[in-house]
Amino acid sequence: MYSTLEQKYQRLQKELVGGAIALGGIFCIGTLWYSLIEGWPPLDAAYMTVFTLATVGYGEIHPLGSRGRLFTIYLILMGVVTIGYIVNRFTEALIQGYFQEGARLRQQRRLVDSLVGHYILCGFGRMGRQIALEFKAEGIPFVIVDSNADSIQDAILLGYKAIQGDATLDDTLLNVGIKRGVCIVSALPSDAENLYAVLSAKTLNPNVRAIVRATTEEAVQKLQRGGADAVISPYITGGKRMAAAALRPQVMDFVDGILTGTDRSFYMEEFLVDPESCPYSGQTLRDAKLRSQSGALVLAIRRDDGTLIAGPTADTTIAGGDMLICMGTAEQLRELNKILSPLKTPFPRPPKQTPLGG
């Protein structure tokens, strides 16, 4: 699948190549005629064909009969039409900036092809723009997919990697590296489009984590059955948050302050306990002394079987496969990441590998 701009660029490219091939064919026909029919030497035949097509008017190299002059008239007309067509296409490409856009598109493609372990954001509407801001604030690699050319242009102007295409199609997802990605976030306008995007993503990469937007409760259930790891309904979630803000305003201010934004003092992060690399696998929180070593607080532990332990005590054991949900400053969480996974990449960590939501 190609964007509108790419389609125009490829159309002009094909037209220019076609014009060049046509001109080359006319040159060969002219050279063969003068060489085989008129009996001229090949060099003279080629020379006559070139200045005839160029309409420079040097005159005949060797005398021509009526048949030869009629062919020359035909050759001149074909040359004028073909060269005029090529000049017209080339001028249009220059005026509309397709050569520059083509170079920019190729650069975008190279940047996307170089991404590994990235996030794919489908849809750059009002919700998609906010998601992109959060991704940028977290410093994670991501690429945006949207079928609207204006939205893609806006995304590129904001400095994001963006590709125009239909996110419900396999070809589009393959173009943005779905097999190399770790998470797809689908915020397309309709539930049907989001469902198709999830089905395509899970088919191409069963290990990718799929976060999807839904507008109705019925859509939430269908998207979950379709393979979505987490389904977010803006209306349901927004209503709950507004009610919570009315009932518990200080709690909501605190939660918002640690979940979103670029100027946060505290962050919440999750860390997967790898039994092969984590030195504290099998120890209790008291023995591990994670709080005293890093300053970060372990708020909850999600067991490998899905059991959630909220507010773990000092006697709670850390097991391989556990997901530790922690809170602290950016520096404290970086330190905790080094302690738990000394051989892994630095903070921010890779996305969750087991679902936390039901």
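The values are calculated or read from the model by the stated rules, or taken from the named source; none is laboratory data. Since we're looking at a predicted model, the values are computed, not measured. Cβ: placed from backbone, ideal geometry, glycine included. Neighbour counts: every protein chain shown. The area values use the complete protein model at the heavy-atom level, side chains included, leaving out ligands, DNA and RNA. Shrake-Rupley method; radii C 1.70, N 1.55, O 1.52, S 1.80 Å.
Suppose the filter is within 14 Å of the chain's Cα centre (by Cα) and free of Cβ contacts under 8 Å to residues at least 24 places away in the same chain; does Gln153 pass it?
On the way: within 14 Å of the chain's Cα centre (by Cα): yes; free of Cβ contacts under 8 Å to residues at least 24 places away in the same chain: yes.
Considered against the rule, which asks whether it is within 14 Å of the chain's Cα centre (by Cα) and free of Cβ contacts under 8 Å to residues at least 24 places away in the same chain, Gln153 comes out as yes.
Hey, does segment 181-204 have a residue that's surrounded by fewer than 18 Cβ atoms within 10 Å (Cβ to Cβ) and among the basic types (Lys, Arg)? Please lay out each step first, then the result.
To start, the set of residues in segment 181-204 that are surrounded by fewer than 18 Cβ atoms within 10 Å (Cβ to Cβ) comprises 189-190, 192, 199, 203-204.
Applying the additional criterion that residues be among the basic types (Lys, Arg) yields none.
Within segment 181-204, not a single residue is surrounded by fewer than 18 Cβ atoms within 10 Å (Cβ to Cβ) and among the basic types (Lys, Arg).
Return the residue satisfying two criteria in turn: it lies in segment 127-157 and is open to solvent by 40 Å² or more (accessible area, probe 1.4 Å) and of a type in the set (D, E, K, R), and of such residues it is nearest to Pro189 (Cα to Cα).
Arg129
Keeping to segment 172-198, report how many residues are in contact with a Lys or Arg (Cβ under 8 Å, 6 or more places away or on another chain) and β-branched (Val, Ile, Thr).
2
Out of all the residues in segment 162-178, is one or more in a strand (DSSP E or B), aliphatic (A, V, I, L, M) and at pLDDT 90 or above? Give the derivation first.
Our first condition is that a residue be in a strand (DSSP E or B); within segment 162-178, this holds for 162-164.
Narrowing further to those that are aliphatic (A, V, I, L, M): 162-163.
So of that shortlist, the ones also at pLDDT 90 or above come out as none.
So far as segment 162-178 goes, no, none of its residues is in a strand (DSSP E or B), aliphatic (A, V, I, L, M) and at pLDDT 90 or above.
Cβ-Cβ below 8 Å, separation at least six or inter-chain, first residue in segment 233-258 and modelled with pLDDT under 80, second open to solvent by 50 Å² or more (accessible area, probe 1.4 Å) and not acidic (Asp, Glu): which pairs?
Matching pairs, first to second residue: Met252/Arg241; Gly257/Ser265; Gly257/Phe266; Ile258/Phe266; Ile258/Met268.
Which condition number does Lys222 fail, the rest of (1) touching a residue at least 40 places away in the same chain (Cβ under 8 Å); (2) touching an Asp or Glu at 6+ places or on another chain (Cβ under 9 Å) being met?
Lys222 satisfies every listed condition except (1).
Any residue at all in segment 238-251 that is surrounded by 13 or more Cβ atoms within 10 Å (Cβ to Cβ) and under 21 Å from Leu133 (Cβ atoms)?
Within segment 238-251, the first condition is being surrounded by 13 or more Cβ atoms within 10 Å (Cβ to Cβ), and the residues that meet it are 241, 244-245.
Keeping just the survivors that are under 21 Å from Leu133 (Cβ atoms) gives 241, 245.
Looking for residues that are surrounded by 13 or more Cβ atoms within 10 Å (Cβ to Cβ) and under 21 Å from Leu133 (Cβ atoms), one finds at least one in segment 238-251, hence yes.
Check off (1) part of a helix (DSSP H, G or I); (2) at pLDDT below 80; (3) more than 30 Å from Ala162 (Cβ to Cβ) for Gly24 and give me the number that stays unchecked.
Failed condition: (2).
Give just the number: which of (1) part of a helix (DSSP H, G or I); (2) modelled with pLDDT under 85; (3) more than 28 Å from Ala149 (Cβ to Cβ) does Ile61 not satisfy?
Here Ile61 meets the rest and fails (1).
Select from segment 303-327 the residues that are part of a strand (DSSP E or B) and over 33 Å from the mean Cα position of the chain (by Cα) and list them in ascending order.
At the first step, the residues of segment 303-327 found to be part of a strand (DSSP E or B) are 308-310, 317, 323-327.
Matches in segment 303-327: Leu308, Ile309, Ala310, Thr317.
Among the residues of segment 96-124 satisfying the criterion of being at pLDDT 75 or above and in a helix (DSSP H, G or I), which is most open to solvent (accessible area, probe 1.4 Å)? Can you show your working first?
In the first step, residues of segment 96-124 are kept if they are at pLDDT 75 or above; the result is 109-124.
This time we only want the ones that are in a helix (DSSP H, G or I), so: 109-113.
Values: Arg109: 48, Arg110: 147, Leu111: 68, Val112: 1, Asp113: 92 Å².
Among residues in segment 96-124 that are at pLDDT 75 or above and in a helix (DSSP H, G or I), the one most open to solvent (accessible area, probe 1.4 Å) is Arg110.
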